[in-house]
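Only one structure is covered here, and it is reproduced in the block below.
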Amino acid sequence: MKRTTNGFILILSAILSLLTPVTYAAKRAIPYQVLYQESEHDADSFASKTIMVIRDWNAYTDAVVKHTNEEIVDVNFSQSQVLMIDMGNRPNTGYGLKINRVLEFDHHIVVYTKFSVLHDTSGECLPGEAITNPIVFLKINSLKEIIVREKYKPVTCR
C-alpha cells in the first residue's frame, strides 16, 4: 500500500508541476528613448490603431514622414529598433498614450503601455472637440523580439 501511495504522490506532483504556469523573471528594465510623441497629426486623414516594429531605415523614415512633422532622428538599426504605437483617430482630446516601462527578458522585450480615456460623468471636465491621434515612436537598444502589453485606464478630471 505504501508503494502505491508513493507512486500516486509522485504522479500527482508531476501533473501539478506541468499545470503550474511558468513565470519568467525580467532580467532588467531596459532604457528606451521617446523619439516622437504627439496627439494631433493630420486629423484630416483616417488612421486606425497600428503597432509596428521598425527594423530598417527606409521603413522608419516612411513612418516618421507619414505620422509627424518633425525632423528625422538618427537611429542605428544594427543596434536598435523602433516601436511605433499609433492609437488611431479618436473623437476628442480626452485620449492619451503613455509608456509605463520596458523590460528585457532572456529572449524578448516587453513594452508596457497605458491607454487612457477621460471619463467624467459629472460634466465638470469636458474634453475638447477635435479629432486626435495619440502616437509614440520608441527607440529600443536591443534587437530582441518586442511584445506590447496594453492597459486601458479611464481617468477622471480633478
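Where a number appears in this text, it was derived from the coordinates with a stated rule and is not lab data. The shown structure was predicted, so the numbers you read here are calculated from the model rather than taken from an experiment. Neighbour counts are summed over all protein chains in view; Cβ atoms, including those assigned to glycine, are modelled from backbone coordinates with ideal geometry.
Brief remarks follow.
- Approximate spin-label separation ASN100-VAL34, in nm, with each point projected 7 Å along Cα-to-Cβ: 1.6
- In plain terms, the residue of HIS67, HIS107 with the fewest other Cβ atoms within 10 Å comes first and the most crowded comes last, giving HIS107, HIS67.
- Gain in span if fully extended, TYR152 to TYR112, counting 0.36 nm per residue against the direct Cα distance: 13.3 nm
- In terms of other Cβ atoms within 10 Å, GLU104, GLU71 run from fewest to most in the order GLU71, GLU104.
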